[in-house]
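Rule-based calculations on the coordinates, nothing more; no lab input. What you see is a predicted model; the values in this text were computed from it and never measured. With ideal geometry, Cβ positions are generated from the backbone for all residues, glycine too; neighbour counts draw on all protein chains shown.
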2 protein chains.
Amino acid sequence: MTAHGMQGEPEVLLTPAEVASLFRVDPKTVTRWAKAGKLSYIRTLGGHRRYPEAEVRALLGAATTSDDDAKKD
Amino acid sequence: MTAHGMQGEPEVLLTPAEVASLFRVDPKTVTRWAKAGKLSYIRTLGGHRRYPEAEVRALLGAATTSDDDAKKD
DNA sequence: CTAAATTTGGGTAATTCGGGCG
DNA sequence: TATGTCCGAATTACCCAAATTT
């Protein structure tokens, strides 16, 4: 790969509102996912949660594009 | 504002009730379309389905005003 | 430091899920 | 085959006030 010796990638963090918009759910629901351990997160010094974009993107990528395994007739 | 870097496609998702209203059917029917592979969808971390608005709009736009589309299965 | 917007937490209604029936 | 409805269980949405972030 092509890393110039970069260790520790810039972990892009998303706010609850961002994640909620992506999933079309309420920010509160995202909080529940975090509490349930379904979503990784870090906390700010004030106690707010921040979510890694990579994780969220991966979860959103689990779409069923019309016909993955469509059986033809 | 947040200029965090816009590069993802604004994938607007709709809830089952939204899609159902647009098609004038029960949400259950929308679920069946999804299961049948006729409609793509993603799942929330809780298992609920969310449908891409673009896909739904495209399907809604496939209206038939003439009988030239009289093809069915 | 002040101000506006967001997030947190708890509790309750609405929605969705899944299977089965007509 | 396709759609609508019933049921129970799970998930999600909206209500509030206080704290945090920018």
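Taking other Cβ atoms within 10 Å as a rough exposure proxy, B:I42, A:I42 sort from fewest to most as A:I42, B:I42.
A simple charge model with +1 on the Cβ of Lys and Arg, -1 on the Cβ of Asp and Glu and nothing else charged puts the dipole of region B:13-60 at about 180 debye relative to its Cα centre. Coupling constants for region B:42-56 follow from the phi torsions by the Karplus curve (6.51 cos²θ - 1.76 cosθ + 1.60, θ = phi - 60°), and in residue order they are 10, 10, 6, 5, x, x, 7, 9, 10, 10, x, 4, 4, 5, 4 Hz; glycine and proline get x. Farthest toward the positive end of the dipole of region B:13-60, out of B:G47, B:L14, B:L59, is the Cα of B:G47, where the dipole comes from beta carbon charges about the Cα centre. Once backbone amide H atoms are built at 1.01 Å from N, A:L14 has A:Y51, A:E53 as its partners under 5 Å, excluding neighbours fewer than 5 places away on the same chain. Amide hydrogen proximity for B:S40: with H placed 1.01 Å from N in the peptide plane, the residues at 5 or more positions away or on another chain lying under 5 Å are A:S66. Arranged from fewest to most other beta-carbon atoms within 10 Å of their beta carbon, A:Y41, B:Y51 become A:Y41, B:Y51. Given R0 = 35 Å, the distance between the Cβ atoms of B:A36 and A:K35 translates into a calculated FRET efficiency of 0.55. Once the Cα-Cα distance is subtracted from the 0.36 nm per residue extended length, the A:E55 to A:E11 segment shows a gain of 14.8 nm. Per-residue Cβ neighbour counts within 10 Å put B:W33, A:W33 in the sequence B:W33, A:W33, beginning with the fewest.
Checking the a/c ratio against 1.5 first, then a/b against b/c, what shape does the Cα gyration tensor give for region A:13-60?
Working: a/c = 1.45, a/b = 1.30, b/c = 1.11.
Because its axes are fairly even, with a/c under 1.5, region A:13-60 counts as rounded.
Using R₀ = 25 Å, calculate the FRET efficiency as 1/(1 + (r/R₀)^6) where r is the Cβ-Cβ separation of A:R43 and B:R43; round to 0.05.
Computed FRET efficiency for A:R43 and B:R43: 0.45.
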